[in-house]
Amino acid sequence: MPSRDATVVFEVTRNKTQGEATKIVVRYDAAANRMRSDDYIFKDAKRPFAGMIQNNDSQILKVISYTSAMAIDRPLNDLGIPLIGLTQGAQFTQTKDTTINGTACTEWAIVQVKRPAWTACITADGTILRASSEEREIMAVSVTYEPLPPDSFALPPDMKQLSLEVEKQGKQSATSAGAARDH
């Protein structure tokens with residue numbers, strides 16, 4: 001997580017998975033220790049089709065489907081850091097210093113257990129500028145360091161909020177906020 005507020009627009013330059021984004025807009029709120037990522041199916045699309053809000057303090061990941069107008073909260077657990085799925089215990093090896101779109105960064109080789117290996121170019125303040133694996137590559141096309149608008153992490157008003165609950169049998173189920181308390 002970067003040490004200062006930032007908005008990064010990524011272009012997905014390689015993607016072996018069907019139906020994924022071609023553009024990703026990521027907003028980092030350093031003071032609140034949270035990140036928002038919105039995925040766009042086309043580079044010039046005005047509205048994202050999917051997204052997520054990661055709150056590291058509460059350990060909640062809000063998964064957003066704009067097409068279904070639904071958002072669901074789930075525990076972060078070991079889901080990994082969005083964009084490249086980093087988990088605790090990932091091992092970093094510095095490979096070189098470089099520059100991407102005029103911004104200096106350090107290239108790292110990242111190895112983790114039961115996850116794909118990645119290389120990532122990360123600035124001194126923690127902003128990812130490029131990341132690639134066998135399956136996917138993202139490249140920052142713009143980086144803006146400035147305070148985020150207060151509503152940057154708000155859901156659209158038409159969004160239905162769901163929560164993921166763990167039942168006694170260990171199964172997970174999605175319930176609408178308020179539906180569980182009405183029973």
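Which residue is surrounded by the most Cβ atoms within 10 Å (Cβ to Cβ), if the candidates are limited to the stretch 119-134 and must be more than 15 Å from MET1 (Cα to Cα) and modelled with pLDDT of 85 or more?
So, considering only residues that are more than 15 Å from MET1 (Cα to Cα) and modelled with pLDDT of 85 or more, the one surrounded by the most Cβ atoms within 10 Å (Cβ to Cβ) is SER132.
If you go through the stretch 83-100 and keep only what is part of a loop (DSSP other than H, G, I, E, B) and either modelled with pLDDT of 90 or more or within 18 Å of PRO2 (Cα to Cα) (or both), you end up with LEU83, ILE84, GLY85, THR87, GLN88, ALA90. So which residues in the stretch 1-51 are modelled with pLDDT of 90 or more, closer than 16 Å to LEU148 by Cβ, surrounded by fewer than 19 Cβ atoms within 10 Å (Cβ to Cβ) and not polar (S, T, N, Q)? Answer for the stretch 1-51, where residues must be modelled with pLDDT of 90 or more, closer than 16 Å to LEU148 by Cβ, surrounded by fewer than 19 Cβ atoms within 10 Å (Cβ to Cβ) and not polar (S, T, N, Q): ARG4, ASP5, VAL9, VAL25, ALA30, ALA31, ALA32. Only residues that are at pLDDT 90 or above, within 21 Å of LYS23 (Cβ to Cβ) and part of a strand (DSSP E or B) were counted across the stretch 55-82, and they come to 5.
The values are calculated or read from the model by the stated rules, or taken from the named source; none is laboratory data. Everything numeric in this text was worked out from a predicted model, so none of it was measured. Positions of Cβ are backbone-derived with ideal geometry, glycine not excepted, and every protein chain shown enters the neighbour counts.
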